[in-house]
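Chemist: Got a structure here, written out as structure tokens. Questions coming.
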Amino acid sequence: MSLRLASLLGTVALGSAVALVVQAVPRSDHQAAGQTPADLIVTNGYLVTMNHQREIVERGAVVVRDARIIALGGMELADRYVADKVIDARGAIVMPGMINTHTHVSMTVFRGLGDDVPDRLRKLIFPLEKALVDRELVYWGGLHGMVEMVEGGVTTFADMYYFEDEVARAARAIGLRGVLGETIVDFPAPDAAEPYGGFAYARRFIEQYRHDPLVTPALAPHAPYSLDVERLRRVAREAEELDVPVLMHVAEMPDEVETLRKDRDQSPVEYLAEMGLLNRRLVAAHCIFVSSSDIDLLASHDVGVAHAMVANIKSAKGVSPALDMFRKGVRVGLATDGPMSGNTLDIIGQLGYVAKLHKLEKRDRNVMPAADVVEMATRGGARALHLEDRIGSLEVGKLADLVVIDRDSPRMVPFYDVYSALVYAALPSDVRTTIVHGRVVMEDRVVRTVEVSEVKARVRAIGERISAAVAQGIQ
């Protein structure tokens, strides 16, 4: 079969594609007999691989066995394999799942409270959490948010919250991949009676999920301003000892920046470098207030950055210089932040904002091309989480996290450039099927792993409890 490489200069030129066949399974008795066993085959798809060359197969197939992609290429490839489950993509886009690099998924239960008011974090969110957050709320709120992510094509998410073992339990139930961090703060928390009780909770959580195929446990120090120097250094030591990621809000608040500059003559990034936290383990959320020298530090220390454009602009804090970070090689992925901040949890809804606002901020319509935005949503998110060897692109040997996205809606027709269509036209509702770790979690818009109606009913009941508490004076 002839190979035709796509002409890729930021975006794919009209009609360009590659008919790529990758055969990574050695010949066996099964093959000699005609077909090799597989668990799942997705056929007749417009494959957007998001590999290093951004190769595309206009009419292709993906073969999955033991949760990994074992082959992908043209349609003739499907004839070489036999599987119990075959999905006909019917010409739809087949691509790696989106990666949400920072959220607080259980806060779906608080979504819509206190929008458009000042200092919501201290006046509303912290009091609500202190009064109401428990295991039940975290589990059902988390599962509710995960349904939304699955329906929007997210296959991996990074999360920071309390009772994070309940978030992990929900992720296991629905079948979603998560990098999940137990929150550590300098005040009593819903799951810790004493300040910094999150350290002990996190150790138990990490040991419980250390070898889980879907859950990567992590430490989640809340922010540079909500832990003291001693505890920040302790996070760095324990992350190294336990060999886990660190999830943290960084350079998000104006007063965070002003206080550190006044007290230590340092930026938040410089401060974390001194604390020993600026390294490959750190996923720094937001990074709105970072300088050129800060960006150089982030790049040289191999830090991941979660770019939450919509939440940042909704809070009127500003536009993070994520474009400059991307250009300098920083590991930048996209994020929604929590559903009280960005309100939605899908990544597709972020794409157009990321492209358009960076163009506006730079006064240059040529910057942040659509192909780069899709990269941030997939391969870039995997890089931000330091999981690019496992997820983020359709390649042989990687875990089978992929989505099928319809291109038959009026806004997707006619179809010229897949990256443009995804960034400027697609909606979360265009996601037809979501596959995580080789398991079909949603097919033809029906979530197969949990009962969505029960999840909604549980969250409505929790919402009534929250409404009553707010009415009684939690402001």
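Chemist: Can you pull out the residues in region 365-383 that are within 16 Å of residue 424 (Cα to Cα), out of contact with any Ser or Thr (no Cβ under 6 Å at 6 or more places or on another chain) and among the hydrophobic types (A, V, I, L, M, F, W, C)? I'd like the intermediate steps shown before the answer.
Modeler: Our first condition is that a residue be within 16 Å of residue 424 (Cα to Cα); within region 365-383, this holds for 365-377.
From the residues that got through so far, the ones that are out of contact with any Ser or Thr (no Cβ under 6 Å at 6 or more places or on another chain) too are 365-368, 372-377.
Answer for region 365-383, where residues must be within 16 Å of residue 424 (Cα to Cα), out of contact with any Ser or Thr (no Cβ under 6 Å at 6 or more places or on another chain) and among the hydrophobic types (A, V, I, L, M, F, W, C): 367, 368, 373, 374, 376, 377.
Chemist: Looking only at residues that are surrounded by fewer than 17 Cβ atoms within 10 Å (Cβ to Cβ) and part of a helix (DSSP H, G or I) in region 254-271, which one is nearest to the chain's Cα centre (by Cα)?
Modeler: Within region 254-271, the subset surrounded by fewer than 17 Cβ atoms within 10 Å (Cβ to Cβ) is 254-255, 258-259, 261-266.
Narrowing the set further to residues that are part of a helix (DSSP H, G or I) leaves 254-255, 258-259, 261-264.
Numbers: 254: 25, 255: 27, 258: 30, 259: 30, 261: 31, 262: 34, 263: 34, 264: 33 Å.
Here the answer is 254.
Chemist: Right, next: Against the definition (touching a Leu at 6+ places or on another chain (Cβ under 7 Å), without any contact (Cβ under 8 Å) to a residue 60 or more places away in the chain and either over 22 Å from residue 45 (Cβ atoms) or in the same structural domain as residue 89 (by TED's automatic domain parsing) (or both)), how does residue 367 come out, yes or no? First the steps, then the outcome.
Modeler: Values: touching a Leu at 6+ places or on another chain (Cβ under 7 Å): yes; without any contact (Cβ under 8 Å) to a residue 60 or more places away in the chain: yes; either over 22 Å from residue 45 (Cβ atoms) or in the same structural domain as residue 89 (by TED's automatic domain parsing) (or both): yes.
Criteria met by residue 367.
Chemist: Answer yes or no: is there a residue in region 329-339 that is under 24 Å from residue 118 (Cα atoms), among the hydrophobic types (A, V, I, L, M, F, W, C), in the same structural domain as residue 111 (by TED's automatic domain parsing) and surrounded by fewer than 24 Cβ atoms within 10 Å (Cβ to Cβ). Spell out the reasoning first.
Modeler: Going through region 329-339, the residues under 24 Å from residue 118 (Cα atoms) turn out to be 335-339.
So of that shortlist, the ones also among the hydrophobic types (A, V, I, L, M, F, W, C) come out as 335.
Filter once more, so that each one left must be in the same structural domain as residue 111 (by TED's automatic domain parsing): 335.
Those left that are additionally surrounded by fewer than 24 Cβ atoms within 10 Å (Cβ to Cβ): none.
No; the residues of region 329-339 include none that is under 24 Å from residue 118 (Cα atoms), among the hydrophobic types (A, V, I, L, M, F, W, C), in the same structural domain as residue 111 (by TED's automatic domain parsing) and surrounded by fewer than 24 Cβ atoms within 10 Å (Cβ to Cβ).
Matching residues to (1) surrounded by fewer than 24 Cβ atoms within 10 Å (Cβ to Cβ); (2) closer than 19 Å to residue 101 by Cα; (3) without any contact (Cβ under 8 Å) to a residue 40 or more places away in the chain:
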| residue | (1), (2), (3) |
| --- | --- |
| 164 | no, yes, no |
| 176 | no, yes, no |
| 200 | yes, no, yes |
| 208 | yes, no, no |
| 232 | yes, no, no |
| 239 | yes, yes, no |
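To keep it simple, each residue is scored yes or no on (1) touching a Lys or Arg at 6+ places or on another chain (Cβ under 9 Å); (2) buried (at least 22 other Cβ atoms within 10 Å of the Cβ); (3) farther than 27 Å from residue 441 by Cα.
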| site | (1), (2), (3) |
| --- | --- |
| 190 | yes, no, yes |
| 222 | no, no, yes |
| 243 | yes, no, yes |
| 252 | yes, yes, yes |
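Chemist: Does residue 119 count as among the charged types (D, E, K, R) and either in contact with a strand residue (DSSP E or B) (Cβ under 6 Å, 6 or more places away or on another chain) or modelled with pLDDT of 95 or more (or both)? Lay out the reasoning, then the answer.
Modeler: Working: among the charged types (D, E, K, R): yes; either in contact with a strand residue (DSSP E or B) (Cβ under 6 Å, 6 or more places away or on another chain) or modelled with pLDDT of 95 or more (or both): no.
The answer is no for residue 119.
Chemist: Between residues in region 399-419 that are within 19 Å of residue 377 (Cα to Cα) and residues that are surrounded by fewer than 12 Cβ atoms within 10 Å (Cβ to Cβ) and of a type in the set (A, V, I, L, M, F, W, C), which pairs lie under 7 Å by C-beta distance while being six or more apart or on different chains?
Modeler: Sorted first by the residue in region 399-419, then by its partner, the pairs are 417/14.
Chemist: Follow-up. Looking for whichever is basic (Lys, Arg), at negative phi and not in a helix (DSSP H, G or I) here; the options are 123, 130, 85. Which one fits? Even if it seems obvious, please write down each step before you answer.
Modeler: Details: 123 fails: not in a helix (DSSP H, G or I); 130 fails: not in a helix (DSSP H, G or I).
Testing whether each residue is basic (Lys, Arg), at negative phi and not in a helix (DSSP H, G or I) leaves just 85.
The values are calculated or read from the model by the stated rules, or taken from the named source; none is laboratory data. Because the structure is a prediction, the values reported are computed rather than measured. Every residue, glycine among them, receives a Cβ derived from its backbone with ideal geometry; neighbour counts consider all protein chains shown.
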